[in-house]
Every structure is written in structure tokens, then in C-alpha cells.
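J.: A single structure is presented below for examination.
The values are calculated or read from the model by the stated rules, or taken from the named source; none is laboratory data. The shown structure was predicted, so the numbers you read here are calculated from the model rather than taken from an experiment. Ideal geometry is used to build each Cβ from the backbone, glycine not excepted, and the neighbour counts take in all protein chains shown. Note: accessible area is taken over every heavy atom of the protein model, side chains too, but ligands, DNA and RNA are not part of it. Shrake-Rupley method; radii C 1.70, N 1.55, O 1.52, S 1.80 Å.
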Amino acid sequence: MPADLTGTFLRLGDGRPALRFTRAYGHPVDRVWHFVTDLGELAQWFPFRAEMDLRPGGTIVFRGETGAEEFTGTVLAVDPPGHLSFEWGGSELHFDLEEIDDRHTRFTLTDILAAEDTAARNGAGWEVCLAALDTRARGERFEGPHAGVHAPWKGFYEAYIAAGVPSGAPVPGQD
């Protein structure tokens with residue numbers, strides 16, 4: 001059975017390739033902001049553990065699975081509780097939160113890609129990570145890994161390739 005894809009591959013107005021994911025959560029915008037910026041919450045769904053200096057120009061330190069190399073990024077913009085963006089590994093992540101009403105928030109993640117051929121790989125990874133966030137937002141516990149080589153991303157990866165999303169970048173831990 002093919003995986004249901006929730007990401008959209010697109011080109012931004014400046015021509016850069018990107019992936020965009022949108023969700024609606026039954027929480028006020030401040031609670032969803034907490035999912036994005038609280039380090040304990042972030043660890044439940046984001047692909048790396050992070051330490052953030054949450055201000056423009058601030059450093060973010062990312063740590064992966066045991067033995068994975070640590071790397072850093074830079075906070076590009078912070079506008080609580082509506083926007084956070086940062087650079088990491090040559091790509092940019094943008095989190096945009098929009099209040100739908102006092103109990104619902106639209107969450108949009110835009111991954112601006114450093115290289116077009118990373119789209120299928122990154123899309124597959126985000127599908128698993130965002131499934132963990134969706135579960136967390138429902139107040140449930142996500143079972144299994146949400147990041148790393150043991151996360152169930154391969155079906156999504158194959159579905160993105162079948163959908164014509166650019167691919168070919170190395171997959172860490174697989175190549």
C-alpha cells in the first residue's frame with residue numbers, strides 16, 4: 001500500500017526548491033509554539049536534539065543518534081508565537097503558526113533545500129517526524145523511532161520518488 005504523502009515540493013519565488021507541510025492542531029497557538037521551541041517537546045518529534053539561543057543570530061546546536069556528529073545552525077528570525085526560522089546544514093527551516101481560532105492553530109513547516117536532490121529524502125524524514133508531532137499533539141505517545149536510520153521512512157521515500165519528487169542525495173546511514 002503506498003504511503004500517504006503530506007508534503008508538497010515547490011519552488012519559492014526566488015527559485016529555491018522547498019518542501020512544505022501544513023497541519024491543523026486542536027491547540028491554541030501558544031501551545032503549538034511550545035511544541036516548536038521547548039527543547040523537551042522538540043525532542044519528542046524533531047530529528048535531532050537541539051539547544052537553542054532563541055534570538056536572531058543565535059546558535060542552535062544539533063545532536064543526532066549516538067555517535068552522530070554534532071553540528072550547528074543559526075537562528076534567522078523569531079517572532080513568538082508565529083514564526084521561527086533557522087539555517088542548518090545549508091538548508092533553512094521555517095515554522096509558521098497561524099491562529100485559526102482560540103483553540104486551533106495552523107502549523108506550516110517549510111524546508112528550503114540546499115540541494116534539490118534532497119527533496120525525496122527530506123520529505124520522507126519529515127513525514128515520520130511530523131507523524132510523531134501529530135501524535136504528541138493528540139496527547140498520545142509515539143511508538144518507535146521518529147528519526148534516524150531505524151525510523152520507518154523508506155515507504156515514504158519510495159512514494160516521493162514515485163510522485164516525481166527530486167531524489168538522489170545520499171541517505172545518512174544507508175549509503
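J.: Keeping every protein chain in place, order D53, D4 by accessible area at 1.4 Å, biggest value first, i.e. largest first.
T.: Working: D53 60, D4 125 Å².
Most to least solvent-accessible, the answer reads D4, D53.
J.: Would you list the membrane-span-like helices of the chain, meaning whole DSSP H runs whose alpha-carbon atoms span at least 20 Å along their axis and whose mean Kyte-Doolittle value is at least 0.5?
T.: Working: long enough: 119-137 (26 Å, 0.17).
Once both thresholds are applied, nothing remains.
J.: What accessible area per residue comes out for the chain, rounded to a whole number of Å², with a 1.4 Å probe? Don't jump to the answer; show the numbers that get you there.
T.: On the way: 8940 Å² over 175 residues.
Value returned for the chain: 51 Å² of accessible area per residue.
J.: Say R0 is 30 Å: what FRET efficiency, to the nearest 0.05, do T72 and D101 get from their beta-carbon distance?
T.: On the way: r = 38 Å, r/R0 = 1.25.
Here the calculated transfer efficiency is 0.20.
J.: What relative contact order, as a whole-number percentage, does region 34-115 give when Cα pairs under 8 Å and 6 or more residues apart are counted?
T.: Numbers: 152 pairs, mean separation 13.2, N = 82.
It comes to 16 percent, rounded to a whole number.
J.: Provide the gained length on full extension for the span R49 to Q174, in nm with one decimal, where the gain is 0.36 nm per separating residue minus the Cα-Cα distance.
T.: 42.9 nm
J.: Could you tell me which GluC sites (Glu not before Pro) in region 1-72 are loop residues by DSSP with no more than 16 other beta carbons within 10 angstrom of their beta carbon?
T.: Passing sites in region 1-72 are E65, E69, E70.
J.: Something else about it: Round to the nearest 10 and report in Å² the accessible area of W33, as given by a 1.4 Å probe over the protein chains' heavy atoms.
T.: Accessible area of W33: about 30 Å².
J.: Of G164, G64, G26, which is the most mobile in a GNM of the chain whose springs link Cα atoms less than 10 angstrom apart?
T.: The residue with the greatest mean-square fluctuation here is G164.
J.: At R0 = 22 Å, how high is the FRET efficiency between R63 and A115 if r is their beta carbon distance? Nearest 0.05 is fine.
T.: 0.45
J.: Hey, with R₀ at 45 Å, roughly what FRET efficiency would D30 and A162 work out to, going by the Cβ-Cβ distance, to 0.05?
T.: The computed FRET efficiency comes out at 0.70.
J.: Related question: Check each of the GluC sites (Glu not before Pro) in region 75-117 and keep only those in coil by DSSP with at most 15 other C-beta atoms within 10 angstrom; list them in order.
T.: Passing both the DSSP loop test and the Cβ count: no residue.
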